[in-house]
1. When the label point is put 7 Å from the Cα of residue 198 along its Cα-to-beta-carbon vector, which residues of the stretch 241-277 have a backbone N closer than 16 Å?
2. Using the Cβ atoms and a cut-off under 12 Å, what net charge is assigned to the surroundings of residue 322, where Lys and Arg are +1 and Asp and Glu are -1?
3. Would you mind calculating the relative contact order of the chain from Cα pairs under 8 angstrom and at least 6 residues apart, reporting the percent as a whole number?
4. If R₀ is 45 angstrom, what is the calculated FRET efficiency for the pair residue 257 and residue 153, using the beta carbon separation as r and rounding to 0.05?
5. What is the calculated FRET efficiency for residue 228 to residue 311, with r their C-beta to C-beta distance and R₀ = 41 Å, to the nearest 0.05?
6. Enter the mean projected area of the convex hull around the alpha-carbon atoms of the stretch 242-371, in nm², rounded to one decimal.
7. If I stretch the segment between residue 41 and residue 249 completely, what's the gain in nm (0.36 nm per residue apart, minus their alpha carbon distance), one decimal?
8. Which of 133, 183, 121 sits closest to the plus end of the dipole of the stretch 116-193, meaning its Cα is farthest towards the positive end, when Lys and Arg get +1 and Asp and Glu get -1 on the C-beta?
Amino acid sequence: MKVVCVVGARPNFMKIAPIVAELRGFQDIETILVHTGQHYDNAMSEIFFQELDIQKPDFNLGVGSGTHTEQTAQVMLALEPLFVNLCPDLILVVGDVNSTLAAALVATKLRIPLAHIEAGLRSYDREMPEEVNRVLTDAMADYLFTTEPEAAQNLRREGINDDRIFFVGNVMIDTLVRHRKQAESLNMPARFNLTTDNYALVTLHRPSNVDSPTMLHGLLAAINTIQLRIPVLFPVHPRTRRRIAEAGLQQTVDAMANLRLVDPLGYLDFLGIMAGARLVLTDSGGIQEETTILGVPCLTLRENTERPVTVTAGTNQIVGTNPERIVAAAMQAIETRIHEFRQPELWDGHAAERIVAIIRTLNPKRVRTHI
Ligand code: UD1
């Protein structure tokens, strides 16, 4: 069986790492890794391949940034001839970035069987580009691998039959389990002159949060109050760094004595710093999951989540974007000890094994291209 795995952006890399490693353990499977180049900076891409020991991509399409339409179209244009040439039995995509959708569209148009890892997550908020990518990718996928039970219900509601849905757990947690000890041994808090359990970690990059100067101003005002109480470390996504400058907020940020802005961190450094935090404030999807396993309180600065198990089982709280509400939730999280949390079902470090075991039982029809 020839399996082509497609990745493009930062959150894809920690998801594909355990899958590719597992696939490559089987001699009867030929595994090809394609990087679309949606993310291209060392800090956003290369470092993850090194640290997670992901084999160099067999193909890098170098697509880069652009509007959503440009980016999606460029990935499609680059992937079509490649898929035709490779003639795979299965295309495997992970997550919900533009590269995921683009690869799914090309696979479907070429009638190549498609597997989607992390299927069925729904925020029911079409303002999020990722929600559109998730819904459309799932509508096209032949095999849908889910991370939490609610995902299957979402998929059933969209008319997808149970026989194509496989509840396998969370590959992102496979990667966390594999690297946690190594990350914790780096003593990351000390490297930033911070004390374990006595700092907050912030990440922000959603367009809905950082593209509007008013919204960004409000979120920074909340961070300002929080940093008066506890040191705050903020690894800044390139989009966010640009938006802070464009909104004329750089001076506001510079004036916060207890806030430290740093460039995006690699996987191990970030995991190490996250594991030692008193609390995390974020708009990321993956970080909601990782803090759930680490038992670190997470305040999600969004109005909804597509990952409800992180709230029902884990340490996640959806606090929205109102600055007073964020500050109140942060103060409470700093003052009180963590509430109970448990490991969501099948978030045990073995999801990739389950996925590959299932792939080996599939008998995807050979490719029939329209070309
Ligand atoms: C993308 C994903 C998002 C994911 C995020 C993680 C989509 C729709 N969004 O958002 O789901 O959570 O990645 O980071 O696919 N840039 C660089 N260097 C890079 C990559 C990007 O400087 O290596 C800058 C560029 O100015 C670019 C901007 O960041 O225009 C946004 O990049 P893009 O890939 O469009 O989306 P993200 O916001 O990173």
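1. Residues 258-259, 276-277 qualify, since their backbone N sits under 16 Å from the label point.
2. Numbers: positive: 302, 325; negative: 303, 324.
Overall, the nearby charge balance is 0.
3. It rounds to 18 percent for the chain.
4. Numbers: r = 48 Å, r/R0 = 1.06.
Once the sixth-power term is evaluated, E becomes 0.40.
5. 0.90
6. 13.3
7. 72.5 nm
8. Ranked along the dipole, the leading option is 183.
Each reported figure results from applying straightforward, stated rules to the coordinates on display, with no laboratory input. Keep in mind the model is a prediction, meaning the values are calculated, not measured. Neighbour counts are summed over all protein chains in view; Cβ atoms, including those assigned to glycine, are modelled from backbone coordinates with ideal geometry.
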